[in-house]
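Since the structure comes first, as structure tokens, the remarks are kept for the end.
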Amino acid sequence: MFTTSIAKRYCGPPQSGNGGYSCGLLGKQIEGPSKVRLHMPPPLDTQLSIEQDADSWLLKQDKKLIGTAMAAQLDMQPPQPPSLEQARAARNNYSGFSEHSFPHCFVCGTGREQGDGLRLFTGAINGQEMVACDWEPSADLIDTNGQVKAEFIWSALDCPGYFALDVPANADFICLLGEMTASIDKPVPGDQPLIVYAWKRYIEGRKHYSAAALCTEEGEVLARAEHLWIRLNK
């Protein structure tokens, strides 16, 4: 067991951790693909524990269970990615510019400054059923080997999946990440442009399903994820 905390910088909603970042803290404890379920919103600036329980890893606040991670399979094959030029142009189509439930989200918030948030503004690709943008990770997201740290890869694969659902911001409900399965297939270099893209899978009542991938400028897929989003009434 060891302790950790989620700094306010890594928020999603104002008072809780970004779902992808929080899942990544747990998921990176497992070698290979892993599935993380969030049982409640992860609190910010609070001492948390990460501990192993048989084949699972648990994120807890005292005795309260925040999240559970376990090994998983991710057989999903992403569609052909857009070009870097298409991904950059798609930023102009980002729906979060006109309406955003959490404008200070670490990953997708329009209220975050360059170098503070990831500013992944994934917009629609013309003629394709996906959203995308480019990403050049800042130096503080990179480890001593020059690779993007796992929790930030999970972060980058998170919010694009929400915007792929094309769910309009609504005063009566919000969608929060309930479960995320991710696979970091190859090291993610921190010294070159990357492409993040995501697509809708399906919706069943309050459950919304999407997927995302991260690739190089040449289209080599480095990481993949599938999401389950839960619609909650405000």
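The values are calculated or read from the model by the stated rules, or taken from the named source; none is laboratory data. For clarity, every value in this text was computed on a predicted model and none was experimentally measured. Reconstructed Cβ throughout: ideal geometry from the backbone, glycine too, with neighbour counts over all protein chains shown. Side chains are part of the model used for accessible areas, which takes the heavy atoms of the whole protein and leaves out ligands, DNA and RNA. Shrake-Rupley method; radii C 1.70, N 1.55, O 1.52, S 1.80 Å.
In table form, for the structure just shown:
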quantity: Yes/no for K186 being within 22 Å of D140 (Cα to Cα), at pLDDT 95 or above, basic (K, R) and out of contact with any Cys (no Cβ under 8 Å at 6 or more places or on another chain); calculated: yes
quantity: Flag for D140 being more than 18 Å from P79 (Cα to Cα), open to solvent by 20 Å² or more (accessible area, probe 1.4 Å) and of a type in the set (D, E); calculated: yes
quantity: Condition met for G178 (modelled with pLDDT of 95 or more and open to solvent by 10 Å² or more (accessible area, probe 1.4 Å)); calculated: yes
quantity: Tally, over the range 155-179, of residues that are of a type outside the set (F, W, Y), farther than 22 Å from H39 by Cβ and part of a helix (DSSP H, G or I); calculated: 3
quantity: Lone qualifier among F121, F152 - being open to solvent by less than 30 Å² (accessible area, probe 1.4 Å) and part of a helix (DSSP H, G or I); calculated: F152
quantity: Evaluation of C215 against (1) open to solvent by less than 70 Å² (accessible area, probe 1.4 Å); (2) within 25 Å of G67 (Cβ to Cβ) (one fails), failing number; calculated: (2)
quantity: Complete set of residues in the range 193-207 that are open to solvent by 10 Å² or more (accessible area, probe 1.4 Å) and in a strand (DSSP E or B); calculated: W199, K200, R201, Y202, I203, E204, K207
quantity: Filtered residues of the range 1-24 (kept if within 16 Å of the chain's Cα centre (by Cα), of a type in the set (S, T, N, Q) and within 19 Å of S56 (Cα to Cα)); calculated: S22
quantity: Failed condition for E99, given (1) open to solvent by 40 Å² or more (accessible area, probe 1.4 Å); (2) touching a strand residue (DSSP E or B) at 6+ places or on another chain (Cβ under 7 Å); (3) touching a residue at least 40 places away in the same chain (Cβ under 8 Å); (4) among the acidic types (D, E); calculated: (2)
quantity: Within the range 108-118, considering residues that are without any contact (Cβ under 8 Å) to a residue 24 or more places away in the chain and within 15 Å of S95 (Cβ to Cβ), the one least open to solvent (accessible area, probe 1.4 Å); calculated: G109
quantity: Test: residue in the range 97-108 that is part of a strand (DSSP E or B) and of a type in the set (S, T, N, Q); calculated: no
quantity: Lone unmet requirement of (1) within 17 Å of L25 (Cα to Cα); (2) assigned to a loop (DSSP other than H, G, I, E, B); (3) free of Cβ contacts under 8 Å to residues at least 40 places away in the same chain for L58; calculated: (2)
quantity: Residue in the range 127-142 that is nearest to A164 (Cα to Cα), counting only those that are more than 18 Å from the chain's Cα centre (by Cα) and in contact (Cβ under 8 Å) with a residue 40 or more places away in the chain; calculated: E129
quantity: Of the criteria (1) open to solvent by 70 Å² or more (accessible area, probe 1.4 Å); (2) in a strand (DSSP E or B), which one Q77 fails; calculated: (2)
quantity: First in the range 6-19 and closer than 19 Å to G96 by Cβ and outside any loop (DSSP other than H, G, I, E, B), second anywhere and among the hydroxyl-bearing types (S, T, Y) and open to solvent by less than 10 Å² (accessible area, probe 1.4 Å), Cβ under 8 Å, 6 or more apart; calculated: Y10/S22; Y10/S155
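So that you can scan it fast, the table gives a plain yes or no per residue for (1) modelled with pLDDT under 95; (2) of a type in the set (S, T, Y); (3) surrounded by fewer than 24 Cβ atoms within 10 Å (Cβ to Cβ):
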| site | (1), (2), (3) |
| --- | --- |
| S5 | no, yes, yes |
| G20 | no, no, no |
| P43 | no, no, yes |
| S56 | no, yes, yes |
| L59 | no, no, no |
| M70 | no, no, yes |
